[in-house]
Amino acid sequence: MQFLREHERKKKIKISDDELLDLLTIDAQKAERFFSESIADAVIMRYNLLHSNDEYYKKAMPKLSEKSTFTSSDVKDIVEWMMPSFTEVYFGADKVVGIFGRSPEDNPEALEKIIQFQMQTQNNSYVVIDQWCRDAIEAGLGVVILNWERTEKTKFNWYRATADEFYSMDEGNASSIKQVIANEDGTYDLLIKERVVTSNQPVLRNVKPGEYVFTPEQDSRGRNMFECYRRHVPFDELVNGERSKKYRNVGDDFPFIDPVSEDSNTMRSIADAMSNYARNEHDTNYDVSERDGQEPRKFVLLHDCYGFYDVDGDGELEYIHAVMCNGRLLSADIWEYDKSPIFTISFYANSYQKWKEAVADYLQDIQDLKTALIKQIIINTSQNNARQFAVDESNSKAVQDLIDGKQIIRLNLSGNRTINDFIQAMPKYEMSSETFNLIEFVNSWSEQKTGITKYNQGLDSGSLNKTATGITKIMAASQQRLRKMARDGAENGLVPLYKHLIELNTKYLDREFTFRVANEFFDFKPDDIKGEFDVMITSNIGLQDKQLTIQNLMIMLSNILPQLMQLGVASPVGVFNTAKQVIQEMGFNNTEKYIGISETEIEQQNQLPNVIANVLSNLGLAPEVIQQITMGIMTQLQGGQANAT
């Protein structure tokens, strides 16, 4: 038993703060160098292409840019075309990620409800996950961080206690009593100081590209040996953190020079590229933090680190979570989870690194080429629309009139001479006959690389002349490609995120409370989420489009379920759920609102055949099919009543 107790004992950090700070600093510098040398330039280039940045094209095409500021927007267009497909998959009627118990006793229903409440109500997950996906396809770096936030505040409340309750209070409870009033009936009114939990929930937020750095080395489980969420925060955040005992070592002598990051310009350069704005770092006239007494407004670079180190001398690596800033170790503890709370997502899963390809990598040459060609067309058209003139300089009055831009040009047409003898427009600049063919080729090249076509975006007027079957195939092929990307993102992003969220819930939700999801109230008890659970993709993303899904469900309702009902194999609830799924695939989440009855009520209704008949009729099934299903339900109901008798 002594051996077991030694191994169950919680590990502690035994090395000094200075030793740990030195290890963290080395890793942080290595991660920042790796980011600056291998990632930053690519991310900046992607944002320059996304915004069709003027400075980018002035450097790439200096002569053309002097005459035309036009830039093509292929990357931006493709991103905006892709995003609705991801939104439809992740926030549609079909549940993307499912939670399943590992044993019959593990009921995931309560866990799914509480996570739905946390994601939709407490964290506005639509905005966060939408930006997560956008960062991945724009920059190749889609990152979020998921932490648990528990805050408390002090309250003073009055309670009434009997004499027995008052005198039997233990020392701990008695110390929290601030005032006692004895009543004539022998009871006591007690003013008690209490710590009340004001927030106990997960917090999901986006990590901007450039704020996340890491070393490329990984262990056998794919975990990076060092990861860091770095961000600029006002010094006030550190001061408040020390007051709440979240941080230490802040003090009045805190240095405002950061020795970890010799040059954080890459972080600011990416922020500038994201916003398409070049800031002036040297203009301090309008910086309030430079004024005396306004130090809390100064921004410092906070490093939130997760790394593997041997901190207790046992020869094994411990997973450490530490926060440091400007050469000060603000906090450090052993991280109790198998993975950091930092989660990446990628739709181009073609490498083992956390940062992947983005849309701009596929379209850089295409956008550059189209920009150059269209600039040339614009310049050529402009020159032809405002051609120069060749003038006989011996006719000085005509020359001066042309220079002055006068409406009347004075010419002396003596000796049978014509206007053409004095003034002629310069020859027209002819475009190469291959120019427009080349632009069409570039467009088709873009379609091959991204799968986005004019047909499936409804922008090609010529598609009306094609066959309906052909257009359907084009649209289906494109949707399959996008849904495959969505499936990859769900597997490498959403599934790990939900697994960590389950761990946080089972650890921190220790009190009963009531919450609301979709206008329904649920009572939560900690025992409701006890057990072992798995997370996996449950929707059909990557398999087929919605229209095909609806068609297949209708085939099930009209051809398969009637036969099964006649045989007594299918249940009324199964028919009801199939009809409900059709409504969900049509894009309506709150199906019970449209059906008018819940799954629980469907089993208790005496008018069950009529209820299901009305639902199926509204979905457009043929009367003879509805009759088959209702007859099957009635047969089952009569059989159940006979058995009960």
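Identify the residue in the stretch 53-94 that is in contact with a helix residue (DSSP H, G or I) (Cβ under 7 Å, 6 or more places away or on another chain) and not in a helix (DSSP H, G or I) and, among all such residues, is surrounded by the fewest Cβ atoms within 10 Å (Cβ to Cβ). Among residues in the stretch 53-94 that are in contact with a helix residue (DSSP H, G or I) (Cβ under 7 Å, 6 or more places away or on another chain) and not in a helix (DSSP H, G or I), the one surrounded by the fewest Cβ atoms within 10 Å (Cβ to Cβ) is T69. Would the stretch 138-158 turn up any residue that is of a type in the set (A, V, I, L, M), surrounded by 16 or more Cβ atoms within 10 Å (Cβ to Cβ) and part of a helix (DSSP H, G or I)? Yes, because at least one residue in the stretch 138-158 is of a type in the set (A, V, I, L, M), surrounded by 16 or more Cβ atoms within 10 Å (Cβ to Cβ) and part of a helix (DSSP H, G or I).
Mind checking whether some residue in the stretch 382-398 is assigned to a strand (DSSP E or B), in contact (Cβ under 8 Å) with a residue 60 or more places away in the chain, in contact with a strand residue (DSSP E or B) (Cβ under 8 Å, 6 or more places away or on another chain) and surrounded by 14 or more Cβ atoms within 10 Å (Cβ to Cβ)? Scanning the stretch 382-398 turns up no residue that is assigned to a strand (DSSP E or B), in contact (Cβ under 8 Å) with a residue 60 or more places away in the chain, in contact with a strand residue (DSSP E or B) (Cβ under 8 Å, 6 or more places away or on another chain) and surrounded by 14 or more Cβ atoms within 10 Å (Cβ to Cβ). Residues in the stretch 252-274 include none that are assigned to a loop (DSSP other than H, G, I, E, B), closer than 19 Å to E211 by Cα and modelled with pLDDT of 85 or more. Among residues that are modelled with pLDDT of 90 or more, over 30 Å from R297 (Cα atoms) and touching a helix residue (DSSP H, G or I) at 6+ places or on another chain (Cβ under 6 Å), T187 is not included.
With respect to (1) surrounded by fewer than 18 Cβ atoms within 10 Å (Cβ to Cβ); (2) at negative phi; (3) of a type in the set (G, A, S); (4) modelled with pLDDT of 70 or more, the lone exception for S598 is condition (4). Of everything in the stretch 203-235 that is part of a strand (DSSP E or B) and charged (D, E, K, R), the residue that is surrounded by the fewest Cβ atoms within 10 Å (Cβ to Cβ) is R205. Looking at the structure I just gave you, is A477 under 30 Å from T630 (Cα atoms) and at pLDDT below 75? Here the answer is no, as A477 does not meet what is asked. Please indicate, with yes or no, whether at least one residue in the stretch 159-174 is of a type in the set (F, W, Y), on the phi < 0 side of the Ramachandran plot and touching a Lys or Arg at 6+ places or on another chain (Cβ under 9 Å). Looking for residues that are of a type in the set (F, W, Y), on the phi < 0 side of the Ramachandran plot and touching a Lys or Arg at 6+ places or on another chain (Cβ under 9 Å), one finds none in the stretch 159-174, hence no.
One residue alone among E152, E194, E138 is of a type outside the set (A, V, I, L, M, F, W, C) and within 27 Å of T87 (Cβ to Cβ), and that residue is E138.
Condition first: assigned to a strand (DSSP E or B), in contact with a Phe, Trp or Tyr (Cβ under 7 Å, 6 or more places away or on another chain) and among the β-branched types (V, I, T). Can you find one or more residues in the stretch 96-109 that meet it? Scanning the stretch 96-109 turns up at least one residue that is assigned to a strand (DSSP E or B), in contact with a Phe, Trp or Tyr (Cβ under 7 Å, 6 or more places away or on another chain) and among the β-branched types (V, I, T). Each residue in the stretch 522-536 was checked for being touching a Leu at 6+ places or on another chain (Cβ under 9 Å) and part of a loop (DSSP other than H, G, I, E, B), and 1 of them qualify.
Of all the criteria given as (1) at pLDDT below 90; (2) under 28 Å from D41 (Cα atoms), the one not satisfied by V233 is (1).
The values are calculated or read from the model by the stated rules, or taken from the named source; none is laboratory data. Treat the numbers as computed from the prediction; the structure is a model and nothing was measured. Here the Cβ is made from the backbone with ideal geometry for all residues, glycine too, and neighbour counts use every protein chain on show.
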